[in-house]
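Contents: one structure, followed by commentary.
Bear in mind that the values in this text are calculations on the coordinates, not laboratory data. All values reported here derive from a predicted model rather than from experimental measurement. A quick note on method: Cβ atoms are made from the backbone with ideal geometry, for glycine too, and the neighbour counts reach across all protein chains shown.
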Amino acid sequence: MVKSTITFGPQHPVFPEPIQFILKVVDEKVVLAEPQIGYVHRGIEKAFELNDPKDNIFLAERICGICPAPHTTAYVRGVESLMGIEAPPRAKYIRTIMNELNRIHSHILWAGLLGDAIGFESYFMQTWNYREKVLDAIEKISGHRVTYAMNAIGGVRRDMTNEQLRGLEKTMDYVESSLENIEDVMKDYTIKKRTQGIGILTEEEARRDGAVGPTARASGISQDLRTSGYDAYGDLKFEPVVVNNCDSYGRFAVRWQELKQSIDLIRQCIVKMPSGEILTKSNNPMNGEAISRVEAPRGELFYYIKGNGSKKLERVKVRTPTFANIIPTVTMLSKGCQVADVSVIVLSMDPCISCTER
Amino acid sequence: MPGMLKIIFGNLFKKRATRLYPFEKRAPFENARGSMDFAHMENCIFCNLCAKNCPPKAITVDRANKRNALDPLRCIQCGVCAEACPKKVIEMRGQYNEPCYAKRTHVAAQVVKCAQTPPEQK
């Protein structure tokens, strides 16, 4: 058998972000995949040490363009635990709403990109049209579509008025009804043919390779950091979405159900929203080490923060969910998939390379 | 087929889904942070708080010449300067900055009013 090598990426029509896979191919079957990353390294972790901790919130926001809310939430929660303060309840609810809105827009974006990778362009157009309404809702609350700048150390920067909450409820109704419009895609023959039984990651493999987020939940692992009850999640009723398909279709199904779960969580937040302060001010010194974990749309986001009592932080380490999901993807690819399925398999774990490399 | 016909006729009489962007611009939302503006320079006391709090250090305050300058390409539209300003000189405008060919700094100067107005002559 002649083994040939195909370099897939870093610039590829279906890859939204620069990751390269060097595929060893026998006939049309992939027998080995080697990931290559490092194309968009920006040295943000070093920049964390040079800036003021207050300014670092905006830096953390710019690690990832799709999930700024979890990044800033993880950072401010870490700094808050170093300072020994806690955000007021209303601020926690506003943070939760922003995180869930972020999850909705990220999952819809992903669904569109998957449609694009499969060759279903009109689905891509429809989903991104609905996503635009979610981004509008975010802009009405925070003032910006992509960089929300909502979190502050000790709370949030902007309060939500009753009008904004009512507007958000309307947007959620709209998003729910529009998702029902395109739900039949899940039953579509072509989509099933391209995703079912492709990119298999069994439960043991997912545990061995350390998969996180929807990738792990599609392999039957009930792992969702939101169940640990940080921010307002402790007060809300929800169960992690777990599917036992273990394939690309399962990862699609998990994200689709999580969209509905997020809409439900936002509605619960609107009903239970407490009144009161939104910011706890503090000038406590930052001394010691802190770990902060948040469930981002792609999985577990981890921040390690170390302070030495001075005005600047000594070290900030970020581990993003995509970094944890690269090895499971290699496992999925190396099982003898077709070259044409590589793009769907890689997209099914929702890669975000810009935050992986920082 | 009947479902398809419904969509076809629906689309014939529906409002256009897209906007002819450069000619038709969507009105910005109420509290949108499109760009930063030294809107009320007459109230400025040149306290330097905006420049001190600015995360990307885009603002420079020149107290001697009574001028504030903003580098719009460094500005990240976070709105921290507007929050920090004690005299509410800085406002966040909803409209985004236009694309530009050259990197220019925006300079806002304070117009000094005369303390005594000259008496009217008959």
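Axis of helix A:248-272 versus longest Cα principal axis of chain A: the two differ by about 20°, to the nearest ten degrees. When chain B is treated as a Gaussian network with alpha carbon springs shorter than 10 Å, the biggest mean-square fluctuation among B:56, B:28, B:99 belongs to B:99. Counting Lys and Arg as +1 and Asp and Glu as -1, what is the net charge of the other residues whose Cβ lies under 15 Å from the Cβ of residue B:63? Taking every Cβ under 15 Å from that of residue B:63, the sum is +3. Seen against the Cα atoms of chain A and their longest principal axis, helix A:68-83 is set at about 50 degrees. Seen from residue A:300, the other residues with C-beta closer than 12 Å to its C-beta sum to a net charge of +3, counting Lys and Arg as +1 and Asp and Glu as -1. The phi-based Karplus calculation (6.51 cos²θ - 1.76 cosθ + 1.60; θ = phi - 60°) puts the 3J(HN,Hα) values of region A:207-217 at 5, 5, 8, x, 5, 10, x, x, 4, 6, 5 Hz, whole numbers, x for Gly and Pro. If the chain linking residue A:32 and residue A:289 were pulled fully straight, counting 0.36 nm for each residue of separation and taking away their Cα-Cα distance, it would gain 88.5 nm. Sequence-distant contacts, meaning Cα pairs under 8 Å at least 6 residues apart, place the relative contact order of chain A at 27 percent. Classify region A:60-114 from the C-alpha gyration tensor, please: rounded if a/c falls under 1.5, else prolate or oblate depending on whether a/b exceeds b/c. Since a/c reaches 1.5 but b/c is at least a/b, the shape of region A:60-114 is classed as oblate.
The relative contact order of region B:30-116, computed from alpha carbon pairs under 8 Å that lie at least 6 residues apart in sequence, is 43 percent.
Counting only Cβ charges, +1 for Lys and Arg and -1 for Asp and Glu, the dipole size of region A:40-321 around its Cα centre is about 600 debye. Placing +1 on each Lys and Arg Cβ and -1 on each Asp and Glu Cβ, with no other charges, gives the protein assembly as shown a dipole about its Cα centre of roughly 1300 debye. Candidates B:89, B:5, B:60 compared by Cα position along the dipole of chain B: farthest toward the positive end lies B:5, with charges placed on Cβ. Amide hydrogen proximity for residue A:144: with H placed 1.01 Å from N in the peptide plane, the residues at 5 or more positions away or on another chain lying under 5 Å are B:33.
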